[in-house]
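The values are calculated or read from the model by the stated rules, or taken from the named source; none is laboratory data. Note that the coordinates shown come from a computational prediction; the quantities given were computed from them, not determined experimentally. Heads up, the Cβs are rebuilt from the backbone with ideal geometry, glycines too, and the neighbour counts pull from every protein chain shown. SASA here: full protein model, heavy atoms, side chains in, ligands and nucleic acids out. Shrake-Rupley method; radii C 1.70, N 1.55, O 1.52, S 1.80 Å.
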Amino acid sequence: MEAKAKIFGQRFGNCCHLNENFIEPDMRVLLAHCLFLRNGGVKCIVWATGRSDPYGSLRHPSFFIRYAAGDMPSSGYPNGGLRMIRQTLITAIAVAALAGSALAADLPSRQPPPAFLQPPLFSWTGVYIGGQIGYQWGPSRTQDFSLLTGALGTSQPNYNADGVVGGAHIGYNYQINQFVVGAEGDVDGSSFSGHGTSLAGLYNFTTRIDVEGSVRARAGYAWDRALIYATGGAAFASIRNSYTFLTTGNADDLSTTRAGWTAGAGVEYAVTNNWSVRAEYRYTDFGAYSDALTNSSGGLAGEHKHETENSVRVGFSYKFNMYAPPPPVIAKY
């Protein structure tokens with residue numbers, strides 16, 4: 001004989017009355033299948049729900065656990081099959097709790113991922129200072145003229161001057177997309193000098209530039225940390241000329257401060273966000289001016305002069321940070 005029914009409040013033949021007293025709080029019996037044996041006993045199979053599968057197979061949100069309760073005497077209530085069912089279910093609950101804890105330990109952590117700090121983006125914008133050193137060369141042109149009438153005389157042979165130049169610079173750049181514009185000023189000390197002799201061999205000429213500088217605009221195009229630029233503006237120099245009349249030994253030693261113009265181009269590369277290196281070529285024209293030879297010519301003659309120079313310089317710059325780095329970006333997964 002075989003009986004199958006919900007377990008709560010049901011009586012199976014002459015066996016017993018099953019109820020919720022043997023059910024633990026974490027479990028709920030759904031269905032019982034009882035078989036009455038020939039020897040007078042009863043074998044029941046119970047279906048119940050729990051939080052986890054004691055055999056390791058998780059079914060969510062609920063699943064069934066199938067337990068064999070064993071033989072129950074026909075008149076043994078509750079010392080027989082009911083006690084065995086109760087023990088079986090309690091054991092199943094304990095195993096289910098352990099399996100649930102182990103499974104929870106294997107789940108991935110729900111802590112937020114670490115913040116990703118984006119490195120500061122590079123920009124040419126900012127105030128910078130630096131230094132430079134280089135080499136310069138150029139011709140010195142001389143032409144005689146009369147101090148009495150102003151009439152032009154003989155054009156003397158050009159003589160070349162050259163020397164080392166070096167100093168410091170300060171400037172400001174502003175970057176708009178890939179275009180960089182700015183202004184720069186520099187001051188250099190120089191060993192630029194040269195000398196020559198007149199056509200008749202009567203005069204010796206000497207030219208020196210001890211100090212020079214410029215104030216210039218810069219405009220360029222940047223490929224990230226590389227910048228190619230053009231530059232141009234006003235230039236100035238302290239020029240010293242000496243004229244010696246070889247026949248008498250009389251000499252004129254004259255100094256003048258000249259203003260002219262300069263233009264050139266260069267390349268610059270930012271090694272870090274602050275430090276950069278550069279190479280630059282410039283042409284400078286200090287214009288024409290006149291020297292009166294009052295001592296060596298007795299106030300009769302003078303010289304028209306025109307100084308130009310070419311220069312190449314290498315240098316370095318340090319750019320000050322003008323803005324705070326962007327805030328960190330939180331990675332989201």
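A few comments on the model shown:
- Within segment 257-293, the set of residues being crowded, with 17+ Cβ neighbours inside 10 Å and among the β-branched types (Val, Ile, Thr) comprises Thr262, Thr284.
- Matching residues, segment 188-212, being of a type outside the set (Lys, Arg) and closer than 13 Å to Glu309 by Cβ: Asp188, Ser190, Ser191, Phe192, Ser193, Gly194, Thr207, Ile209, Glu212
- Test: Ser296 is farther than 29 Å from Val127 by Cα and open to solvent by 40 Å² or more (accessible area, probe 1.4 Å): no
- When segment 234-251 is limited to residues that are open to solvent by 30 Å² or more (accessible area, probe 1.4 Å) and not hydroxyl-bearing (Ser, Thr, Tyr), the one that is nearest to the chain's Cα centre (by Cα) turns out to be Ala234.
- Against the test of being touching a Pro at 6+ places or on another chain (Cβ under 8 Å) and closer than 26 Å to Pro139 by Cα, the options Gly166, Gly196 yield a single qualifying residue, Gly196.
- Matching residues in segment 249-265 - criterion: being under 21 Å from Ala301 (Cα atoms), free of Cβ contacts under 8 Å to residues at least 24 places away in the same chain and assigned to a strand (DSSP E or B): Asp253, Ser255
- Test: Ser311 is in contact (Cβ under 8 Å) with a residue 60 or more places away in the chain, open to solvent by 60 Å² or more (accessible area, probe 1.4 Å) and either assigned to a strand (DSSP E or B) or under 19 Å from Leu121 (Cα atoms) (or both): no
- Yes/no for Leu254 being open to solvent by 10 Å² or more (accessible area, probe 1.4 Å), touching a strand residue (DSSP E or B) at 6+ places or on another chain (Cβ under 8 Å) and within 20 Å of Ala288 (Cβ to Cβ): yes
- The residue pairs whose first member lies in segment 180-201 and is farther than 14 Å from Arg240 by Cα, whose second member is buried (at least 18 other Cβ atoms within 10 Å of the Cβ) and acidic (Asp, Glu), and whose beta carbons are closer than 7 Å, counting only pairs six or more residues apart or on different chains, are Asp188/Glu212.
- Cβ-Cβ under 9 Å pairs, at least 6 apart or on other chains, segment 156-179 side under 30 Å from Tyr243 (Cβ atoms), far side open to solvent by 90 Å² or more (accessible area, probe 1.4 Å) and part of a loop (DSSP other than H, G, I, E, B): Gln156/Leu199; Pro157/Leu199
- Consider segment 128-153 and keep the residues that are of a type in the set (Ser, Thr, Tyr) and open to solvent by 70 Å² or more (accessible area, probe 1.4 Å). The one that is farthest from Ala288 (Cα to Cα) is Tyr135.
- When segment 106-153 is filtered for residues that are part of a loop (DSSP other than H, G, I, E, B) and modelled with pLDDT of 95 or more, the ones remaining, listed by number, are Trp124, Thr125.
- Within segment 173-191, restricting attention to residues that are of a type in the set (Ser, Thr, Tyr) and within 29 Å of Ser238 (Cβ to Cβ), the residue that is least open to solvent (accessible area, probe 1.4 Å) is Ser190.
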